[in-house]
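**Q** I'd like to ask some things about the structure below.
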Amino acid sequence: MIYLGLAILFNVIMNFAMKYSETHDCNRYGVTVFNYAAGIAVSYAFMKDRTVAFSDGEGTFTVLFAVVNAFFFLTCLLVLQQSIKKNGAPLTATFNRMGVLIPTVISAVMFAEIPTGIQISGIVISLFAIVYMNGGGKEKGGVSVYLILAFATGGCVDTISKFFSVYGSPENQERFIFYTFVAALIMSTGVCIYKDRHITKKDIAVGIIVGIPNELAALLLLKAAGMLPAYLVYPCYSAGVIFAVNIVNMIVFREFLSKREYIATGIIAIALILINM
């Protein structure tokens, strides 16, 4: 259970490190580059077999999947940064975690993993929450394009992980994460050179602070899933991140959502628990 608690903690740290980056005029592209550089170092340190070269078809498959995963990883991170700036950390984290709807639907279609009645009710409830949030009238509320993108890109990352768990080798799981961060570093460096190559010491420091918990959250979640039932790990992780981010945001930053947004966030957290049961 400690792995699960630490995974939630590191995800929260990552969210608020990105919040700091977006509210203190950091170069988000430079932060992204050093996020992945730090992630590579952490990933390599935790690899049991540190042989990163490959000479077989399974290794090639892992690398190719990792490249696709890296594209969505990078896209998702850039979207989260922008969404945190526009919508705040709580709503961004909520919609990002709700992306699990996408692999749930794809698994039903491609792998005949038909949702149970409880899971279907969770999907319906989550859709109701989005409609409810958009019906705020004069209240602050509504789903912005960045929240939709946070949902979509988060779902794409979860979907790639699902595909690798089905088609990939369990022995290559740590290499898959390592290759993902390497490919994402290459891609993000290209984006940084194109968009804004001026990187300060603050950008480097914030990037490292984002990257270490980013990698540790992914790694610890995998370890938790290996020791505890998936039906316990994933709903607790999703709901735990949502509630922890909201609590920290209220206590530390004194930032509050509208009443409608709080209600919708709570409904989505309940829906995520049902979807993962």
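**Q** Might you let me know whether the stretch 159-173 holds any residue that is charged (D, E, K, R), modelled with pLDDT of 80 or more and within 18 Å of the chain's Cα centre (by Cα)? Spell out how you get there, then give the answer.
**A** Residues of the stretch 159-173 that are charged (D, E, K, R), as a first pass: 162, 171.
Subsequent filtering for residues that are modelled with pLDDT of 80 or more retains none.
Scanning the stretch 159-173 turns up no residue that is charged (D, E, K, R), modelled with pLDDT of 80 or more and within 18 Å of the chain's Cα centre (by Cα).
**Q** Shifting gears a bit: If you check L216 against the conditions, is it surrounded by fewer than 22 Cβ atoms within 10 Å (Cβ to Cβ) and either in contact with a helix residue (DSSP H, G or I) (Cβ under 7 Å, 6 or more places away or on another chain) or among the aromatic types (F, W, Y) (or both)?
**A** Details: surrounded by fewer than 22 Cβ atoms within 10 Å (Cβ to Cβ): yes; either in contact with a helix residue (DSSP H, G or I) (Cβ under 7 Å, 6 or more places away or on another chain) or among the aromatic types (F, W, Y) (or both): yes.
Considered against the rule, which asks whether it is surrounded by fewer than 22 Cβ atoms within 10 Å (Cβ to Cβ) and either in contact with a helix residue (DSSP H, G or I) (Cβ under 7 Å, 6 or more places away or on another chain) or among the aromatic types (F, W, Y) (or both), L216 comes out as yes.
Residue-by-condition table, conditions (1) buried (at least 17 other Cβ atoms within 10 Å of the Cβ); (2) modelled with pLDDT of 90 or more; (3) assigned to a loop (DSSP other than H, G, I, E, B):
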residue: G39; (1), (2), (3): yes, yes, no
residue: V42; (1), (2), (3): yes, yes, no
residue: A53; (1), (2), (3): no, no, yes
residue: L91; (1), (2), (3): yes, no, no
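**Q** Is it true that F65 is surrounded by fewer than 18 Cβ atoms within 10 Å (Cβ to Cβ), hydrophobic (A, V, I, L, M, F, W, C) and farther than 19 Å from V241 by Cβ?
**A** no
**Q** Read through the list (1) under 18 Å from G88 (Cα atoms); (2) modelled with pLDDT of 80 or more; (3) surrounded by 18 or more Cβ atoms within 10 Å (Cβ to Cβ), then give the number of the only condition that Y262 fails.
**A** Status for Y262: all satisfied but (3).
**Q** If T60 passes every condition in (1) β-branched (V, I, T); (2) under 21 Å from N172 (Cβ atoms); (3) crowded, with 22+ Cβ neighbours inside 10 Å but one, which one does it miss?
**A** (3)
**Q** Restricting to the stretch 1-54, and then to whatever is among the aromatic types (F, W, Y) and within 16 Å of the chain's Cα centre (by Cα), can you tell me which residue is nearest to K201 (Cα to Cα)?
**A** The extreme case among them is Y36.
**Q** Something else about it: When you scan the stretch 42-57, do you find a residue that is in contact with a Cys (Cβ under 9 Å, 6 or more places away or on another chain) and in contact (Cβ under 8 Å) with a residue 60 or more places away in the chain, even just one? Can you show your working first?
**A** Start the filter on the stretch 42-57 by keeping residues that are in contact with a Cys (Cβ under 9 Å, 6 or more places away or on another chain), which leaves none.
Scanning the stretch 42-57 turns up no residue that is in contact with a Cys (Cβ under 9 Å, 6 or more places away or on another chain) and in contact (Cβ under 8 Å) with a residue 60 or more places away in the chain.
**Q** Another one. Looking at V63, V33, V12, can you tell me which residue is among the aliphatic types (A, V, I, L, M), within 20 Å of D196 (Cα to Cα), touching a residue at least 40 places away in the same chain (Cβ under 8 Å) and in a helix (DSSP H, G or I)?
**A** Exactly one residue qualifies, and that residue is V33.
**Q** Need at least 3 residues that are polar (S, T, N, Q) and either within 21 Å of C76 (Cα to Cα) or within 20 Å of the chain's Cα centre (by Cα) (or both) per element, so show me which helices (runs of 4 or more DSSP H) inside the stretch 177-275 make the cut, counting only ones lying wholly within it.
**A** Values: elements: 201-227, 230-251, 259-275.
Passing ranges, in order: 230-251.
**Q** Here's something else I'd like to know. Take the residues in the stretch 93-102 that are buried (at least 23 other Cβ atoms within 10 Å of the Cβ) and of a type outside the set (V, I, T); name whichever of them is nearest to V210 (Cα to Cα).
**A** Once the filter is applied, the top-ranked residue is A93.
The values are calculated or read from the model by the stated rules, or taken from the named source; none is laboratory data. In this text the structure is predicted, and so the values were computed from the model without any measurement. Ideal geometry is used to build each Cβ from the backbone, glycine not excepted, and the neighbour counts take in all protein chains shown.
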